[in-house]
Amino acid sequence: DIDQMSLFRPLCKFCASIRTVREIVPTLRKALAIAQSGTPGPVFIEFPIDTLYPYHLVSKEFAVKNPPKGLMGKIVSWFVTEMCCFVDM
C-alpha cells in the first residue's frame, strides 16, 4: 500500500477517501461537480477494499493462511483478524 492521497493531491482539483458505503454516492456527486466546474480537471477518490466488496470476501483475502507459530505469530494473527472486523457498512 502507498499513500495515494499524497500522490494525487497536487495533481487533482479534489481528493477524497471513502470510509463507508454510505459515502460513495455523495462523494461521487461532489467529485463530478468539482471536476466539471470552472476549468475542468481531474479528481481522485480512494475506495478501500472493504467498501467495494462484502465483508466475507474481504475477510477471506486478509485471513492468515498459515498461522505463524509462537506468541508473536499469534498476536499478529489476532491483530489482522480483529482489524478486518472493523468494517463500517
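Ranked by accessible surface with a 1.4 Å probe, highest first, in what order do E23, E46 come? Can you show the working numbers first?
Details: E23 65, E46 40 Å².
Ranked from most to least accessible, the order is E23, E46.
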- Query: When ranked by the protection proxy of mean other Cβ atoms within 10 Å per residue, highest first, what sequence do the peptides 28-36, 3-11 form?
  - Reply: 28-36, 3-11
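The values are calculated or read from the model by the stated rules, or taken from the named source; none is laboratory data. Keep in mind it's a predicted model, so treat the numbers as computed, not measured. Neighbour counts run over all protein chains shown; Cβ positions are idealised from the backbone, glycine included. With ligands, DNA and RNA removed, areas are computed over all heavy atoms of the protein, side chains included. Shrake-Rupley method; radii C 1.70, N 1.55, O 1.52, S 1.80 Å.
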